[in-house]
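Peer 1: So that we are looking at the same thing, I have put the structure below in structure tokens.
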Amino acid sequence: MPHLAVPGASLHYRIDGAPDAPAVLLSNSLGSTLSMWDAQVASLVPHYRVVRYDSRGHGDSEVASGPYTIDDLGRDAVALLDALHIERAHFCGLSLGGMVGMWLGVNAPERVISLVLANTSALFGPASMWTERIEIVRSQGLAPIAEGVLQRWFTPSFRASSPSSVERCRRMLLGTPPEGYASCCAAIRDMNQVDALSLIRKPTLVIVGDHDPSTPPAHGELIADHIAGAKLLRLPTAHLSNIEAAPAFNDALLEFLRNP
């Protein structure tokens, strides 16, 4: 798999689709890799050039010295576009990826055509929760928090009906380097993008999960309320809506990309 050096890190990425098609950049959640988007790629590649990457500290990307900031993660996305000679791209991010998308909409609007912000938050507290999680992961690894994370990622009905998908996500989570995970937790803990949301002028779709305990619907509603013209979609899912409700997520994503 290819890697690109960006300031302060080396990012693992993958591209699918025709080189001359419009680009869609996908950004993953905390504790996941670019493979979390597998269910979207098949729907997107007939129409788009799909660019996925592992956030710094995740998957096969470099575990750069932390802690990280949302500025760091946002600049990584811009540097990736630069290195791939992509002037502008549609952007779709979930959870941490959505936070990167908000940063891009405010700080690099000339690089994005549209934004899809799924299961995310502009301010994700309390800070003490993240500090505690950082301490646990740095001292004991991901195993002590894995079950709790999976319970937030998926509804009980999905965990019962799709054990293979849940197990794949468990392995993805447990494979995340502890220091990379902890450093991204710090970026979330220290982020507050609420006041900047009104600066976003790009067409935006906000997706929320009705049963999402991590970023409840109110978090997405706040984002949509602060971005002029933003559309809001509710799905009957927990946190990883792109996996739990992949067909509905894909239909909404494609419709929005065609008519942002």
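Peer 1: For segment 23-46, state whether one or more residues are crowded, with 22+ Cβ neighbours inside 10 Å and among the charged types (D, E, K, R).
Peer 2: Checked against the condition, which is being crowded, with 22+ Cβ neighbours inside 10 Å and among the charged types (D, E, K, R), segment 23-46 yields no hits at all.
Peer 1: Restrict the check to segment 115-128 and report whether at least one residue is in contact with a Leu (Cβ under 8 Å, 6 or more places away or on another chain) and exposed (fewer than 15 other Cβ atoms within 10 Å of the Cβ).
Peer 2: No: zero hits.
Peer 1: Test of understanding: among Ser65, Ser61, which residue is over 24 Å from Gly220 (Cβ atoms) and surrounded by fewer than 20 Cβ atoms within 10 Å (Cβ to Cβ)?
Peer 2: Criteria check complete, one pass: Ser65.
Peer 1: Right, something else. Are any residues in segment 138-172 within 20 Å of the chain's Cα centre (by Cα) and either modelled with pLDDT under 95 or among the aromatic types (Phe, Trp, Tyr) (or both), and if so, which ones?
Peer 2: Trp153, Phe154
Peer 1: With the condition being of a type in the set (D, E, K, R) and either under 24 Å from Leu235 (Cβ atoms) or touching a helix residue (DSSP H, G or I) at 6+ places or on another chain (Cβ under 8 Å) (or both), I'd like the helices (runs of 4 or more DSSP H) fully within segment 10-127 carrying at least 1 qualifying residues.
Peer 2: Correct list: 38-44, 70-83.
Peer 1: Next question. Please note which helices (runs of 4 or more DSSP H) are completely contained in segment 130-233 and include at least 1 residues that are under 26 Å from Pro67 (Cβ atoms).
Peer 2: The qualifying helices (runs of 4 or more DSSP H) are 143-153, 163-174, 178-189, 217-226.
The values are calculated or read from the model by the stated rules, or taken from the named source; none is laboratory data. Only a predicted model underlies this, so the values are computations on that prediction, with no experimental measurement involved. Note that we place each Cβ from the backbone using ideal geometry, even for glycine, and neighbour counts take in every protein chain shown.
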